[in-house]
Amino acid sequence: MRVALAGRSARRTANPFMSLPGGGGGVTTSVVKTLRAPIGGWNARDALPAMKPEDAIQLDNFIPDTGGVKVREGYAAHATGLGGAIESLMEYNPPSGSPMLFAATSDKVWDCTTGSVSTMMTGLGNGRWQHTMFSTAAGHYLVAANGVDLLKNYDGSTWSTPSITGVLSSDIVNVAVHAQRLWLVPNNSLSVWYLDVSSIAGAATELPLGQFCKLGGYIVAMASWTRDGGNGMDDVAVFITSKGEAVLYSGTDPSSPDTWTQVGAFRIPEPIGRRCVMQAGADLGLITSQGVMPFSSILPLAMGAQPKAAITDKISGAFTAAYDGSKDEFGWQLIQYPKKRLMLVNIPIDERITSHQYVMNTQTGGWCRFKGMNAGCWSLLGDDLYFGGNDGTVYKYGGVYADNGDDIQAVSISAYSNFGTVQNKSAKMARPMFNGPDGYLPLIAVRADYDLGQVNYLASSLVSAGSFWDEAEWDVAEWALSIVPSARWQSVEAFGSVLSVALAISVSDQFQFNTVDLMFEGGGYL
């Protein structure tokens, strides 16, 4: 099947609504149908014939929203010169005063709050720190552990090493807060340890969990889950194993059977990595082999039914492929970005080299994929979003529409449609309607009959000065900055019973794709 991209002939059609000559000396009347932009988002689950018309086969760097799909924001360097891949970002967030942001490389921790970096700790064993905020009467602490170095605390001015007995401090790889206690998860163990109420140091007490874990493995992470047990809200301690079991306890004092009760042990899909759990309001979000799961939804379900409860169900095909290809790579992380109503799943395609982000609009539930941001880790600083690059740079996402000065390339490929008839169709012209830079002409292609071939496109340039898009000299052409509505007919070429529209852009400005008008002729049924 031949697929043609828009060319300069689109600029030379005087009347795109005219009747076009057909075979046998007759006249074939063109039909114009309107497609909405794929506001339903990326669908990597359903078979192509079963997709809804508002879905997208591919949606890269476009965010689905209620009115259309808009190009994602870009990023800019925030702090540079950290000397290696950044594997952890940690926010110190006290109840008063300004938050701080720390970045960890393989052997150092840096303060990069303001963009001017300073070394806070050196000579460390690795940069893969798990962390939590914990407050006591003495102060507010960022507590961090990496399973190699001694546990660390930051109190707002100084990093220090607390004295902990009962468990080897350097063996602690994850930390959590539950019932006013600091909980410690060691390497390769089915036990966890806890400190006294409101304590950041001292004697740790063991809580063995191995007798409840039928599949073995080790404790990966712990979280505190607020649930409604029928008699009001109840805080439950959740311990997650590497083999896909969750052990739940209710209560406040693990040393007293009167105030500490096991709720149960449940099968769940296997978690991915140490950063597999995220607090999401009163619920928990889990990154698992079957997708991102809301904890409250999966517990009542049998294992076979749990994947359908995944937030990522609509992109399950892509998620499964990512899991199969990089489940053992470091960098999996789930983070919410409330300011822009986004939730991101960081996917390490190739550890320390390439990462993608599977992104959900939390207002609409629509998914898309971010490319071009090779993040090893993410963090908020206040209400802004940052990521750690593999090049020793901390980047701030948002507020700009370029990727560290480069254009953002985005692709939208709509679901296939027969436009209400099984008759063959010969696509002739397409008119995307969008808000973007004045004079900008995106590239349009039409594919037919469930063709899944790669859409090849060239980076397009503005034509506001009168040049055709394929004649302007890239990196030299001037860019208009005003955002205006635009609708221009362009030539396309495809023949088949079902058609799909692909739109590709390369911009350093805002862009929202709203609808596309597609003109085609009927071409028989064979």
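The values are calculated or read from the model by the stated rules, or taken from the named source; none is laboratory data. None of these values were measured; they are calculated from a predicted model. Note that we place each Cβ from the backbone using ideal geometry, even for glycine, and neighbour counts take in every protein chain shown. Keep in mind that these areas ignore ligands, DNA and RNA; they rest on the heavy atoms of the full protein, side chains included. Shrake-Rupley method; radii C 1.70, N 1.55, O 1.52, S 1.80 Å.
When you count the other C-beta atoms within 10 angstrom of each residue and take the mean per peptide, 370-379, 400-409, 139-148 line up highest first as 370-379, 139-148, 400-409. Measuring against 24 Å, Cα to Cα, the residue pairs K371/K396; K152/K214; K33/K70; K152/K371; K70/K396 contain K152/K214; K152/K371 as the ones spanning a longer distance. Between T114 and I483, take the C-beta separation as r, use R0 = 35 Å, and let me know the FRET efficiency to the nearest 0.05. The formula returns an efficiency of 0.65 here.
One entry in (i) 24.1; (ii) 26.6; (iii) 25.4 is Kirkwood radius over Cα pairs in Å calculated from the shown coordinates; its label is (iii). Ranking S289, A265, L195 by Cα position along the charge dipole of the range 180-295, where only Lys, Arg, Asp and Glu carry charges on their C-beta atoms, puts S289 farthest toward the positive end. Subtracting the Cα-Cα distance of D107 and D313 from their residue separation scaled by 0.36 nm leaves 70.3 nm. Which residues does a label at R267 reach in the range 282-316, if reach means a backbone N under 12 Å from a point 7 Å past the Cα toward the Cβ? Those under the cut-off are 301-306. Work through the residues other than L184 whose Cβ is under 11 Å from its Cβ and net out their charges, Lys, Arg +1 and Asp, Glu -1. Local net charge: -1. For the range 92-135, chymotrypsin sites (Phe, Trp or Tyr not before Pro) are listed when DSSP marks them as loop and at most 12 other Cβ atoms sit within 10 Å of their Cβ; the list is empty.
Calculate, in nm to one decimal, what D438 and W260 gain on full extension: separation in residues at 0.36 nm each, minus their alpha carbon distance. Before the final figure, lay out the partial values.
Numbers: separation 178, 0.36 × 178 = 64.08 nm, distance 6.48 nm.
That works out to 57.6 nm of additional length.
The charge dipole of the chain, taken about the Cα centre with unit charges on the Cβ atoms of Lys, Arg (+1) and Asp, Glu (-1), comes to about 1300 debye, rounded to the nearest 20.
Extension gain, A305 to S160: 0.36 nm times the residue separation minus the Cα-Cα distance gives 47.6 nm. A Förster radius of 56 Å combined with the Cβ-Cβ distance from E206 to R36 puts the calculated FRET efficiency at roughly 0.45. Surface exposure of the chain, expressed per residue as accessible area with a 1.4 Å probe, stands at 40 Å². Here's the picture: a label point sits 7 Å out from the Cα of N93 along the beta-carbon direction, and within the range 361-376 the residues with their amide nitrogen under 20 Å of it are 361-363, 376. Over the range 31-123, Cα pairs under 8 Å with separation of 6+ residues give a relative contact order of 17 percent. Helix 316-326 and the longest principal axis of the Cα set of the chain meet at an angle near 60°. The heavy atoms of K108 present about 60 square angstrom of accessible area, all protein chains included, probe 1.4 Å.
Note on the chain: with neighbouring protein chains present and a 1.4 Å probe, carbon and sulfur make up 48 percent of its accessible heavy-atom surface.
Considering only L101, I86, T114, and ranking their Cα positions along the charge dipole of the range 54-114 that arises from unit charges at the beta-carbon of Lys, Arg, Asp and Glu, the one farthest toward the positive end is T114. Annotation: amide H of T136 within the under-5 Å range of Y141, sequence separation 5 or more or interchain, hydrogens built in the peptide plane.
What percent antiparallel are the DSSP beta bridges of the chain, to the nearest 5? Write out the running numbers ahead of the final one.
Numbers: 149 of 155 bridges.
Of all bridge pairs located within the chain, approximately 95 percent are antiparallel.
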